[in-house]
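The values are calculated or read from the model by the stated rules, or taken from the named source; none is laboratory data. This one's a predicted model, so the numbers in the text were calculated from it and none came from an experiment. No Cβ is skipped: glycine too gets one built from the backbone with ideal geometry, and neighbour counts run over all protein chains shown. In case anyone asks, the SASA skips ligands and DNA or RNA and just uses the protein heavy atoms, side chains included. Shrake-Rupley method; radii C 1.70, N 1.55, O 1.52, S 1.80 Å.
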Amino acid sequence: MQKPPQSIDFALKETSPKIGAGAVTGDKLSSTYDLVEQMQYLYVRVVKAKDLPGKDVTGGCDPYVEVKLGNYKGVTKHFEKKNNPEWNQVFAFSKERIQASVLEVYVKDKDVVADDLIGRALFDLNEIPKRIPPDSPLAPQWYRLEDRKGDKAKGELMLAVWMGTQADEAFPEAWHSDAASVGPDAVASIRSKVYLSPKLWYVRVNVIEAQDLVPNDKSRFPEVFVKAMLGNQALRTRISQSKTINPMWNEDLMFVVAEPFEEPLVLSVEDRVGGNKDETLGKCVIPLHIVQRRLDHRPVNSRWLNLEKHVIVDGEKKEIKFASRIHLRICLEGGYHVLDESTHYSSDLRPTAKQLWRPSIGILELGILSAHGLMPMKTKDGRGTTDAYCVAKYGQKWIRTRTIVDNFMPRWNEQYTWEVFDTCTVITVGVFDNGHVHGGAGGARDARIGKVRIRLSTLEADRVYTHSYPLLVLHPSGVKKTGEIQMALRFTCSSLINMLHMYSHPLLPKMHYIHPLSVIQLDVLRHQAMQIVSTRLSRAEPPLRKEVVEYMLDVDSHMWSMRRSKANFFRIMGVLSGLIAVGKWFDQICNWRNPLTTILIHILFIILVLYPELILPTIFLYLFLIGIWNYRWRPRHPPHMDTRLSHADAAHPDELDEEFDTFPTSRPSDIVRMRYDRLRSIAGRVQTVIGDLATQGERFQSLLSWRDPRATTLFVTFCLIAALVLYVTPFQVVALLAGIYILRHPRFRHKLPSTPLNFFRRLPARSDSML
């Protein structure tokens, strides 16, 4: 089914940035920054000062350094009463915005009234050396300070001044002139940073049995279950069927945990004594660092652990030692991949245990160049502003670009590299507005501007893709374009044989197939893994905030959405449209709409019946020719967010309002009632379709079930006659006669349904037994 093209405003655009790798596809340049445009910066590293003179009555000074270039001014922190201070701070001034010919570096003494000048050093910009990595860093030198008249002053300052690019190792930690308005407390929140997801493990707790439990009420049969707690995750077994003091369960409980292990596993054996009342019969605490790590499906050794019980005596907690025990198998599962993102666009499929990793098959290089047309995301001093930064996630590595302050057309020009272990993975790039640049309150959030997903298997090896991707965000009012992001992307394959061999391997590690987890289990564990990853990354410095991580991982992708359901229905129709088209074509052949084509099909059919060994080669040759024919129209660019496919551009406002509703709902009762009734009507149609499918299946079952004795008698008799006829008649003759009958001319057809179809529709189903 050919869908109409989406709006040109939401389409992908090919670009031609001035990057090192842009001229020749696959050119292996020595520069590590060949996917971005070079940006020139003037770097000033202020290391330390010595022999500074005292400026106050006590003979001490409170020194700091001011680096000034035209209208831009950077300031180091100041020290109290220190004549030999050390700063070791780097300042970076964008060459594009330099409007001065002299760099001025002042050493000042902080004072209550007015800061005193201790001395200064001046540098002519034409005399500053250039440095290109991988050259060694420029060694700082001592400069004698001079006063405003140019005479020598007391004290010396150690500095290094050079011209470089964003490839310089000083770049990420430098103070940038672009962010001169940012306060010292917020500088850390605008720097670029690389993060690593915590290493995640599944914890399997196989609760086997308990022995010698001591219930408080010995006059009743205990109803015992085991509750397991790991951090904020809580699971429990079912109530044991054996209602004795030696209950058995043999039940698995699965948790997600991240290294380093912070919380122990706490098991408590509990007795259900009333409707909502449980009594603890014993507890045990198991630190995870002593738990065995399992790499395959071989069972681990079971352990007996003593249960401890505490009682309150005279207001004090006392431990009772007794012989109750619990029998367990506990292991950290290293053979599974812990899913922390949606399986449809996973960026990593490797098992937890590093010993099981296969060698990498290549590297992925991403150049985040710039964005343009960004929308104002907040207001400052009565005008709209945006402080944009990018986050990219692939595998365990997250990167965050620096924040470009107050700019609707930010230029980052930062390049990053990832190892690739499987091409059937997806890299996600998101753009966000930094809500903490100007000292945002604790409740401030980083607003989402949009994101792009790119599947590596759709990329040609060693080709540089330079495109401008639309940034699309769905709002309750509809889909909005919030700007465009320009990126350069290259996948370099290190081993073609290994890459092609990957297509024969299962997508997930083998433990997922040997000991599969249920769909419900995987959903719960994925949710827990997402929460752990977002919590850990939000504790980094600067933090990768929870709302950013959740948006990148698509935390809410499993929630009900009428729009998404419609989109998935039409995707299914699109898949089936090929079969429907073949069916229509065959119907035209059978009805002789084009006699010449029908005659040719007759000839081909007769040849295949007479020479059946040609059937499979013909099918595969036909598929080969279709593939070669379609090669001319192969996609020339990576896929991107499609508003038509997502049904985002035609969604009803009420459907979008429902999609953005909280869980549980926060809407008024009349709206909830209307949506519930709408959902019931849709579910009623789905229920009818499922019932019709069940009816057709039950009719097939009733052919031989004697539910309708006359129909089964007719079918059994027909089967006997057919067996005898087919036994004495060559198969080719039967196939030839059947084919000619199906392809017969319309003159020999009539519009009534065929006899076999009439017979099938008369067969009984179990729908008449339904209440």
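Results, tabulated for the structure shown:
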item: DSSP bridge orientation in the stretch 40-188 - percent antiparallel, rounded to nearest 5; result: 95
item: In Å², nearest 10: area of Tyr631 left accessible to a 1.4 Å probe; result: 130
item: HN-Hα J in Hz across the stretch 577-589 - Karplus 6.51, -1.76, 1.60, θ = phi - 60°, x for Gly and Pro; result: 4, x, 5, 5, 5, 5, x, 5, 4, 5, 5, 5, 5
item: Accessible area expressed per residue, the stretch 367-426, with surrounding protein chains retained (probe 1.4 Å, Å²); result: 32
item: Rounded, prolate or oblate (a/c below 1.5 giving rounded, otherwise prolate when a/b exceeds b/c) for the stretch 444-535 by Cα gyration tensor; result: oblate
item: The chain: relative contact order as a whole-number percent, Cα under 8 Å and 6+ apart; result: 11
item: Mean accessible surface per residue for the stretch 552-671, computed with a 1.4 Å probe while every protein chain stays in place, in Å²; result: 71
item: The stretch 70-146: GluC sites (Glu not before Pro) in DSSP loop, at most 12 other beta carbons within 10 Å; result: Glu80
item: Cα→Cβ-extended label distance, 7 Å offset, between Trp304 and Leu600, nm; result: 8.2
item: Contour excess over end-to-end distance, with Cα ends at Asn568 and Arg236 and 0.36 nm allotted per residue; result: 116.0 nm
item: Computed Kirkwood radius, in angstrom, where 1/r is averaged over Cα pairs of the stretch 562-769; result: 23.2
item: Isotropically averaged projected area of the stretch 354-553, using the convex hull of Cα atoms (one quarter of hull area), nm²; result: 13.6
item: Restricting the stretch 174-237 to trypsin sites (Lys or Arg not before Pro) in coil, as DSSP defines it, with at most 15 other Cβ within 10 Å; result: Lys199, Lys218, Arg220
item: Spin-label model distance (nm) - Asp649 vs Ala735, 7 Å beyond Cα toward Cβ; result: 4.8
item: Estimated dipole of the chain in Debye, rounded to 20 [Cβ of Lys and Arg +1, of Asp and Glu -1, Cα centre]; result: 2480
item: Listed residue (Leu328, Pro746, Ile8) projecting farthest to the positive dipole end of the chain, Cβ model; result: Pro746
item: Cβ-placed point charges (K, R +1; D, E -1), dipole of the stretch 199-333 about Cα centre in debye, nearest 20; result: 280
item: Rounded accessible area of Leu117 (nearest 10 Å², 1.4 Å probe); result: 40
item: Number of Lys pairs (Cα under 13 Å; 8 or more positions apart or on different chains) in the stretch 199-333; result: 7
item: Accessible carbon and sulfur surface of the chain relative to its total accessible area, %, 1.4 Å; result: 59
item: Cβ-based charge dipole, the stretch 40-188, positive-most Cα from Ala179, Ala153, Ala114; result: Ala153
item: Spatially proximal aspartates and glutamates relative to Lys77 (Cα-Cα < 12 Å; intrachain offsets below 8 disregarded); result: Asp62, Glu66, Glu86, Asp109, Asp185
item: Cα shape, the stretch 695-771, gyration tensor, a/c 1.5 rule; result: oblate
item: Listed residues Thr755, Ile190, Asn216: farthest to the positive end of the dipole of the chain (Cβ charges); result: Thr755
item: Helix axis angle, 519-538 relative to the chain longest principal axis, alpha carbon, degrees; result: 10
item: Magnitude of the charge dipole, the stretch 104-174, Cβ model with Lys/Arg +1 and Asp/Glu -1, debye to 20; result: 180
item: Inter-label distance for Trp633 and Glu104, nm, one decimal - labels placed 7 Å from Cα along Cα-to-Cβ; result: 6.7
item: Compactness of the chain - radius of gyration and Dmax, Cα, Å; result: 35.9, 123
item: The stretch 324-408: chymotrypsin sites (Phe, Trp or Tyr not before Pro) falling in loop per DSSP and having at most 14 other Cβ within 10 Å; result: Trp357
item: Förster radius 35 Å - calculated FRET efficiency between Arg358 and Asp278, Cβ distance, rounded to 0.05; result: 0.15
item: Global geometry of the stretch 283-430, whether rounded, prolate or oblate, following the gyration tensor of its Cα atoms and the 1.5 cut on a/c; result: oblate
